[in-house]
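Report on the structure given below.
Values quoted throughout were computed directly from the atomic coordinates according to the rules given, and no laboratory measurement underlies them. These numbers were taken from a predicted model, which means no experiment stands behind them. Cβ placement follows ideal geometry from the backbone for every residue including glycine, while neighbour counts extend to all protein chains displayed.
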Amino acid sequence: MRNLRNLTLVGILSAATPALAQTDAATEIAALRSEIGRLAERLDRLEQAQGGTVAAVAQATQVPQTAPADRSTPAPGSASPAAAGPPKASADAPASSVVRFSGDLRYRHEAINDEASAERERQRIRARFGLNADLGDNLSVGLTLATGDRDPVSANQTLDGGFDRKSFGVDRAFFTWKATDALSFTGGKMATPFFRPGNHHLIYDNDLNPEGLALRYTGRNWFANYAGLWVDERATADDAILLGGQAGLRHTLQNGARITAGVSYYDYLNTQGQPLFVEGISSGNSLDAAGRYLNDYNEAELFAELGLKAGSRPLVLFADYVVNTEASAADDGFAIGAAYGEATRPGTWRVGYAYQDLRADAVIGVFTDSDFGGGGTDNKGHVVEFTYALRARLLFNFRYFLNERGEHAGVSRDYNRLQADLMFNY
């Protein structure tokens with residue numbers, strides 16, 4: 001592999017604070033009171049003339065003060081606690097929503113060595129911008145815009161094309177109603193509603209944002225997730241729908257360690273013999289003579305995660321197993337791994353390792369990890385990762401994939417991939 005080119009990040013931020021002119025306090029107070037009086041009289045006249053609608057419009061268009069961003073930096077568009085909104089203009093005026101903004105930018109250097117093709121190096125960016133609005137009464141809506149085209153598991157944009165403009169579109173658009181402290185209901189284009197042990201991508205890529213309706217229950221020692229997701233609407237055939245259910249237990253041991261274990265079942269309706277969900281991309285799945293899905297996909301999952309302290313740092317161990325009950329061959333996959341440390345404050349770090357073996361028809365390939373083995377199924381091997389917090393909201397991340405791919409397809413070959421990221425969160 002060619003030597004990795006040096007990555008250099010240079011940033012200089014400056015701010016200028018104007019001097020405040022000295023003024024007589026009594027004179028200023030008198031002037032402000034006079035101005036407030038004139039505005040109040042004007043507002044009364046407008047309300048009388050328009051039946052109070054001006055006050056309602058003024059209230060609805062106020063820009064609320066947002067709370068300082070939390071150090072943990074939630075994903076763009078994800079729900080966040082509500083802050084107190086501005087005071088009401090009148091008893092009849094609707095309460096204004098509290099809007100929070102968040103986002104991130106990732107710059108990536110990537111080097112790929114696929115035995116079946118030439119070595120490749122490229123620079124990539126991913127940018128996301130999200131907002132979440134608390135509408136009151138436990139109801140909120142969210143919207144995230146992101147770079148990327150029609151790929152459901154990647155928002156990356158490669159720096160090429162003669163400096164052309166990069167694609168940008170809707171990544172998430174959803175509402176959430178929190179019926180109780182334990183029960184919530186979400187609809188729209190949302191983050192994957194299912195728990196993933198070790199936050200690993202065995203079944204679903206982290207960037208996948210499915211579309212439909214989801215119900216989530218979180219109790220003291222157990223949780224349950226259910227979703228009905230619309231995969232492919234078809235004008236001349238039955239729609240492809242994913243019905244998914246998951247249940248798990250959480251238990252804290254006497255030494256403070258926390259174990260999470262559970263089962264999941266994902267049933268893809270109307271898939272066998274139907275066109276690919278993303279045109280022209282099988283992502284390792286077996287196809288029939290017409291280039292359509294050879295198998296149906298009913299995926300059963302068993303998972304477990306153990307979190308504990310190793311010295312002063314957190315340690316997470318996980319295992320995940322999945323089998324497609326509708327495939328006659330190459331029907332299962334598993335992943336095991338560990339992560340040590342956490343990159344939450346400047347100077348802190350985290351290391352991780354995972355081994356994965358995902359056979360060709362264990363899961364829908366186009367929805368799983370887009371990086372491991374080049375993406376999709378029919379791959380196996382190792383991935384190591386290191387994350388370091390350079391400063392608040394700026395992380396350096398390094399990942400290396402040492403994989404094999406194409407065994408079921410009869411073209412087994414080595415696949416190695418290096419990724420070096422700078423990740424800015426706001």
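Order these by the 10 Å Cβ neighbour count, fewest first: 364, 336, 259. Write down the numbers at each step before the final one.
Numbers: 364 27, 336 18, 259 15.
In increasing order of surrounding Cβ atoms, one gets 259, 336, 364.
Rounded to the nearest 0.05, what FRET efficiency do residue 170 and residue 226 give with R0 = 25 Å and r taken as the Cβ-Cβ distance? Could you check?
Numbers: r = 24 Å, r/R0 = 0.97.
Between residue 170 and residue 226 the formula returns 0.55.
Using 0.36 nm times the number of residues separating residue 179 and residue 308, minus their current alpha carbon distance, what extension gain do you get? If you can, show how the numbers build up before the last one.
Working: separation 129, 0.36 × 129 = 46.44 nm, distance 3.21 nm.
Taking 0.36 nm per residue and subtracting the Cα distance, the gain is 43.2 nm.
Could you give each residue of region 239-249 its phi-based ³J(HN,Hα) in whole Hz, using Karplus coefficients 6.51, -1.76, 1.60 with θ = phi - 60°, and x for Gly or Pro?
Taking θ as phi minus 60°, the curve returns 5, 8, 10, 9, 9, x, x, 8, 9, x, 10 Hz for region 239-249.
If each residue of separation counts as 0.36 nm, what is the full-extension length gain between residue 234 and residue 290 once their alpha-carbon separation is subtracted? Don't skip to the end; give the middle numbers.
Numbers: separation 56, 0.36 × 56 = 20.16 nm, distance 1.76 nm.
Computed gain between residue 234 and residue 290 is 18.4 nm.
Ranking 382, 200 by Cβ neighbours within 10 Å, fewest first, what do you get? Working shown, then result.
Details: 382 14, 200 24.
Exposure proxy ranking, most exposed first: 382, 200.
Could you calculate the contour length gain from residue 257 to residue 122, that is, 0.36 nm times the residue separation minus the distance between their Cα atoms, to one decimal place in nm?
On the way: separation 135, 0.36 × 135 = 48.60 nm, distance 4.16 nm.
Result: 44.4 nm gained on full extension.
Mean separation of Cα pairs under 8 Å and 6+ residues apart, divided by the residue count of region 153-285: what relative contact order is that in percent? Could you put the intermediate results ahead of the total?
On the way: 216 pairs, mean separation 20.2, N = 133.
Rounded, it is 15 percent for region 153-285.
Just to be sure I understand the model, the point goes 7 Å from the Cα along the line to the Cβ. What's the resulting residue 329 to residue 353 distance in nm?
Result for the modelled spin labels: 3.4 nm.
Given a Förster distance of 41 Å, report the FRET efficiency between residue 321 and residue 99 from their Cβ-Cβ distance, rounded to the nearest 0.05. Before the final figure, lay out the partial values.
Working: r = 42 Å, r/R0 = 1.02.
Efficiency, from the Cβ-Cβ distance: 0.45.
Convert each backbone phi in region 316-330 into a coupling constant with the Karplus relation 6.51 cos²θ - 1.76 cosθ + 1.60 (shift: θ = phi - 60°), then list the ³J(HN,Hα) values in order as whole Hz, x for Gly and Pro.
Calculated HN-Hα couplings, in order: 10, 10, 8, 9, 9, 9, 9, 9, 8, 6, 9, 9, 8, 8, 6 Hz.
Please rank 190, 423, fewest neighbouring Cβ atoms within 10 Å first, as an exposure proxy. Write out the running numbers ahead of the final one.
Working: 190 24, 423 20.
Final ranking by Cβ density, sparse to dense: 423, 190.
Reachable aspartates and glutamates from residue 189, Cα under 14 Å, same-chain residues fewer than 8 places away excluded?
171, 207, 211, 232
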